[in-house]
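Enquirer: Here it is: the structure, laid out below.
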Amino acid sequence: MNNLLTEADLANEGLRKDLETILRAIPSYMDIMLTQTMMLAQLFKMGRSPKRITAKNIMTLVQFSQNLMQGGWICKDSYRQLPGFEEDEAKKAHSMMQQKKKNSTFFQYCMLPKEERQAAAPQIFGEEGWTEKFEEQEKCIGALPLVKLSMTAFVEGEEEIVVGDILTCRLEVKYCHLERGQKSGYVHSKTYPYLKRDNWFIIITDETFTGLAAVEKVTSTEDVFVKEFRERIQRPGKIAFTAILANDSYKGLDQFSKVEVEAVAQAKNRVEYNYSKEDIKAIKEPTLLQSALEIEEEETDEDEDIDEEDELKAKLKAVGLGVDGKQEAQPATEAGETASKED
């Protein structure tokens, strides 16, 4: 546990068992918290919960999970997730990447061709013994869930985007190192001692991360994952979306994509169709299915209006009993009347 516990602490049998129970259960607890938070976000959107969930709430949970899996509170640099990387190696890798491109990230280092990382290995690990460290690094990078995210926003079948239209946000996640049918393995961690699989979460928000248009857990065994979210446009003007693809087990691999669209109050280039009064009337009239349902509903209502007492009387009468449960006197037949007269 990041050298926070002393040897005396670890020698305590009860403490070790409690620590093992907590560490084994934490991934499940984090999944439950994220699932409940996503459910609250959906309920708020439907008007069934007063609790407003923002993208920052989701990201806080995801980043907590990242730091827990990778010891991020102690080893804050993303490069230190790799084997052979301590503070000095991380600084050298940063310096090397900044020479290539400013504001380079850990993800971009992992996406470099293997030959470029090999050429930089002596500079990062030192001239002596760098080969073994480089090979361990490459094994780890080959197992990392490296992905690329792209997003587009459009209204199907239209060039203009008008208030009232349904805007479709299409996200595409491409796994860089996975073949079709494969999925990433267990998480590589220097600090977390148990098996765990990583998860990706898609979050669609605004530029300030305060809104939350959609959030979903990515579940796919394909090398490309495609997801579409739809939202009705409520106002004219610029609409900016930010998509975040966050991993719950690794730092520095999260992806961001932004898209902006301009919505207008009225369309300029769309063809307006003028419908005849007969067509409008036909559209407003109920369909055959609706008519059948209405008739069935009326019959049900009539059945419900029958008084229970009258229904009971009718059933008693049908079996030849009176209201008091005694058998009713049968009316005399014509033959019986004739016989009485003859007597």
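Enquirer: Given the conditions (1) touching a helix residue (DSSP H, G or I) at 6+ places or on another chain (Cβ under 7 Å); (2) within 26 Å of R197 (Cβ to Cβ), and given that K76 satisfies all but one, which numbered condition is not satisfied?
Expert: That leaves (1) as the condition not met.
Enquirer: Give me the residue from the range 72-88 that is surrounded by 20 or more Cβ atoms within 10 Å (Cβ to Cβ) and not hydrophobic (A, V, I, L, M, F, W, C) and, out of that set, nearest to Y109 (Cα to Cα). Before you say what the answer is, go through the steps one by one.
Expert: Restricting attention to the range 72-88, the residues satisfying the condition of being surrounded by 20 or more Cβ atoms within 10 Å (Cβ to Cβ) are 72, 75, 78-82, 85.
Still in the running and not hydrophobic (A, V, I, L, M, F, W, C): 72, 78-81.
Details: G72: 19, S78: 11, Y79: 9, R80: 13, Q81: 13 Å.
The selected residue is Y79.
Enquirer: If I filter the range 145-176 down to residues being of a type in the set (G, A, S) and in a loop (DSSP other than H, G, I, E, B), which single residue comes out as surrounded by the fewest Cβ atoms within 10 Å (Cβ to Cβ)?
Expert: Going through the qualifying residues, I end up with G157.
Enquirer: Does any residue of the range 92-102 turn out to be among the polar types (S, T, N, Q) and surrounded by 13 or more Cβ atoms within 10 Å (Cβ to Cβ)?
Expert: No, because not a single residue in the range 92-102 is among the polar types (S, T, N, Q) and surrounded by 13 or more Cβ atoms within 10 Å (Cβ to Cβ).
Enquirer: Here's another thing I want to ask about it. Taking the range 177-219 only, how many residues are part of a loop (DSSP other than H, G, I, E, B), touching a residue at least 12 places away in the same chain (Cβ under 8 Å) and either among the polar types (S, T, N, Q) or in contact with a His (Cβ under 9 Å, 6 or more places away or on another chain) (or both)?
Expert: Number satisfying all stated conditions: 6.
Enquirer: Select the helices (runs of 4 or more DSSP H) contained entirely in the range 44-142, then report the ones holding at least 3 residues which are under 26 Å from the mean Cα position of the chain (by Cα) and under 22 Å from S184 (Cα atoms).
Expert: 55-70
Enquirer: Looking only at the range 222-265, filter to residues that are β-branched (V, I, T) and more than 30 Å from L82 (Cα to Cα); which one of those is surrounded by the fewest Cβ atoms within 10 Å (Cβ to Cβ)?
Expert: Of everything passing the filter in the range 222-265, V264 is surrounded by the fewest Cβ atoms within 10 Å (Cβ to Cβ).
Enquirer: Continuing with this model, one more query. Which members of the range 177-211 meet the condition of being hydrophobic (A, V, I, L, M, F, W, C), more than 12 Å from A143 (Cβ to Cβ) and surrounded by 14 or more Cβ atoms within 10 Å (Cβ to Cβ)?
Expert: Of everything in the range 177-211, those that are hydrophobic (A, V, I, L, M, F, W, C), more than 12 Å from A143 (Cβ to Cβ) and surrounded by 14 or more Cβ atoms within 10 Å (Cβ to Cβ) turn out to be W200, F201, I202, I203, I204, F209.
Read-outs throughout are calculated quantities, based only on the coordinates presented, and are distinct from any laboratory measurement. None of these values were measured; they are calculated from a predicted model. In this analysis, Cβ positions are derived from the backbone assuming ideal geometry, glycine residues included, and neighbour counts consider all displayed protein chains.
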